[in-house]
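The values are calculated or read from the model by the stated rules, or taken from the named source; none is laboratory data. Quick caveat: nothing in here was measured; it's all calculated off a predicted structure. Methodologically, a virtual Cβ is constructed for each residue, glycine included, from the backbone with ideal geometry; neighbour enumeration extends over all protein chains shown. Side chains are part of the model used for accessible areas, which takes the heavy atoms of the whole protein and leaves out ligands, DNA and RNA. Shrake-Rupley method; radii C 1.70, N 1.55, O 1.52, S 1.80 Å.
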Amino acid sequence: MSGDGSAVFAAASFLIPSQALKFSGHDVWRGGPLNGRTTRPNSSSNHDEPPQNRKARAAMTNEGVIKGDWQSTQFESLDRTRGSMTEAIGTSCDGGVNGTVLLDSKTRAKGTKKRKDAKRRQMSRTGNIPDIQWRAIPMEHLRNHPCFVPLPYPDEIVRLKVLEDVRYFRQDSWQWDALHAGRCTTSQAAAALGLLEPKVGGFLGIPRSLRKGGIGAYQRLRQTALRDLDDISEVLCTGGNREKRATSTAPLWISNKSRGSVHSKNPGRKATQQYPFAAIYVPRMTEAECNERRNRLGHFFKSGASPFLARMQWGSAQEATALLTALNYFWKKDPHIVIKEVGMCGAGLEMNRTNSSASNEEEDTGLIIGASPDAVIQYPNGTLEALEVKNHCPFVPATFGGKKFKKTSTKGNPQNHIFRIRELPIEPNVPAAYIPQLMMEMLALGPSCRSAVMVRQTATTGAVILRLHRDDEWISEMLFWLHRFMDDFVNKSEAPPPNFFWEDDQHGSCDRYRDFISRTKQISESVELVDFVSHKEIQRVVSADRRQLPLFLD
């Protein structure tokens, strides 16, 4: 997670309340992972239901699947339950049935009709109530995934043994927020390095909307920081995060430990098509929950909220879903790979242990850094990679897009909606503004972290997975300029002028800085392309009745 969160969380608490993260996982048969049919089979009239489906339904009812007893089966043959588990691997997370084999002719006919009906229902490209939680899997649910290692509840941390232990505070805790004061984190690194200045931003191709200058970094670094272990423990280990613990016994995930599927007629025989994800996500979006979200978001956006707030909130709401995309992708490569939740890293770095006995100029500046990757990928051999996800919001104001769109906006938006959908192809590169973030994350995770993975995900056109390799020479230069920012501006209580460093000849380092910026651009354009992930390969929430979930709620 990038950014402080303090400016956005106030609105987020309204847009994404805790009760909005609840899904119905009890009515498994209504569009659940164990049934590819659109409705629950009628017990009094089930002549059209294939025999293997009737057996599976009766067996799973007898064995108490809804109570969570299914977990022990792990896609194996159910001799005791007298049926197959075809439907468990036949339900795709896009709302279709893509894994079921050897269905009878009537079932295929129904599926064909359903696809034709879905094709007729075109999703609206404009609207007034954007669903910023569209098909999003909540972070609290991802923490229960069998391949995801969560952090403890913050109120369970009662003592810190070393400074680096602050990484165990979740990124949605007040302790994580408190650690940002006076610390140069990834949200301020690009600004403090001058990347968001007009001339540098133009050279690097950073959008004008992001060129906000260095004043925000200057104000942050002037704050009093928590530095000493005793002070940090006294302030942070005081609880105050009494989150409501989950009490439901219904399973959220069904682990796919066999990395395969079951043949529809012969459970002992491996099917030709495998279930594509590490685990089946059980909860489904109900009509009641959709109505509640429509009323809540409709009231918010109709009350005069800025349309750009939807774009800010999309990234937060969709973060866990993008992390799951990375988890599923790397799980296919090696089922022993795990994704670990992490808070702010780097507090224990030697450079952060500043004190009055500092012996060189750089340490005397008082710079302390910290970085919070969205997660960490841990490989079986112990190798770590920082994981960062960026979700590209599909919603833009209806009038956004320049004169060309405004000329045709009446035709494309006859109802004068506030928002429209715009999704551009994702280029396989890491934008230059994010290079300091990824490099600082690798630095904060320690010398053994030699690369970082970035997932750039869209709502309708899939995702791209990129890898940035560590460049220690660039990191050294980054730290040099961060110390300069502290020395030239923060410690002198002088706000940085526009295009600082780029036009600064006072210290005779203008050429050195421009070489640093040029190298940043080269790194941005030469990242490793890991893979493209298609839209259907992204695991998301589906509706309880298997209907298509539109991006707009009105």
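Miscellaneous remarks
Residue-wise test of (1) of a type in the set (Lys, Arg); (2) in contact with a Lys or Arg (Cβ under 9 Å, 6 or more places away or on another chain); (3) in a helix (DSSP H, G or I).
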site: Ala452; (1), (2), (3): no, yes, no
site: Val464; (1), (2), (3): no, yes, no
site: Leu468; (1), (2), (3): no, no, no
site: Ser476; (1), (2), (3): no, no, yes
site: Leu482; (1), (2), (3): no, no, yes
site: Met486; (1), (2), (3): no, no, yes
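- A count restricted to region 431-449 and to residues that are without any contact (Cβ under 8 Å) to a residue 40 or more places away in the chain and either buried (at least 17 other Cβ atoms within 10 Å of the Cβ) or of a type in the set (D, E, K, R) (or both) stands at 1.
- Total residues in region 538-554, condition open to solvent by less than 80 Å² (accessible area, probe 1.4 Å) and charged (D, E, K, R): 3
- Taking every residue in region 464-479 that is without any contact (Cβ under 8 Å) to a residue 12 or more places away in the chain and under 18 Å from Ala190 (Cβ atoms) and pairing it with any residue that is in a strand (DSSP E or B) and open to solvent by 30 Å² or more (accessible area, probe 1.4 Å), at least 6 positions away or on another chain, yields no pair with a Cβ-Cβ distance below 7 Å.
- Some residue of region 534-550 being assigned to a strand (DSSP E or B) and modelled with pLDDT under 95: yes
- Flag if Gly201 is on the phi > 0 side of the Ramachandran plot and modelled with pLDDT of 95 or more: no
- Boolean, Asn295 is open to solvent by 60 Å² or more (accessible area, probe 1.4 Å) and either in a loop (DSSP other than H, G, I, E, B) or on the phi < 0 side of the Ramachandran plot (or both): yes
- Enumeration of residues in region 144-180 that are open to solvent by less than 10 Å² (accessible area, probe 1.4 Å), part of a helix (DSSP H, G or I) and of a type outside the set (S, T, N, Q): Pro154, Val166, Trp176
- Residue selected from region 502-520 under the condition open to solvent by less than 30 Å² (accessible area, probe 1.4 Å) and at pLDDT 95 or above, by the criterion nearest to the chain's Cα centre (by Cα): Thr520
- Cross-chain or 6+ apart pairs with Cβ under 8 Å, region 305-334 first and closer than 21 Å to Glu140 by Cα, then assigned to a loop (DSSP other than H, G, I, E, B) and open to solvent by 30 Å² or more (accessible area, probe 1.4 Å): Gln313/Ile16; Ser316/Met1; Ser316/Ile16; Ala317/Ile16; Glu319/Met1; Asn328/Pro276
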